[in-house]
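The values are calculated or read from the model by the stated rules, or taken from the named source; none is laboratory data. Here the structure is a predicted model, which is why all the values come from computation and not from measurement. Counting neighbours? That spans all protein chains shown, and the Cβs are built from the backbone with ideal geometry, glycine included.
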Amino acid sequence: MGHKYKNQIKLSRKIKIIKIMQEFLMQNPSAFIAMLLWMIPWKGVALWKAARNGHKWWFIALLVINTMAALEIIYIFFFSKKQKEETQEKISQ
């Protein structure tokens, strides 16, 4: 019974946070536009790199999951470079 109650509390907290965010964005449309201007270029570059590198699962994750560009930045700077390094090693051998 306690575990179920804790899950309900966690869910109600998440719902409250979402409502607060909705209210903030409705009252500040410029914040919403700023968020879009921040996220869209990162997502575009990350999706492009994932497609070019043949990273199908990364592409799907980047397309579906919205992390305010955090996942996209991580992919671009840490995971997309590995493909380039592997390709250069194969060419040099």
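Checking each residue in region 27-52 for being under 22 Å from the mean Cα position of the chain (by Cα), surrounded by fewer than 10 Cβ atoms within 10 Å (Cβ to Cβ) and farther than 30 Å from Lys81 by Cβ picks out Pro29, Ser30.
Exactly one residue among Leu11, Leu62 is surrounded by 10 or more Cβ atoms within 10 Å (Cβ to Cβ), modelled with pLDDT under 90 and either among the hydrophobic types (A, V, I, L, M, F, W, C) or under 30 Å from Lys81 (Cβ atoms) (or both), and that residue is Leu11.
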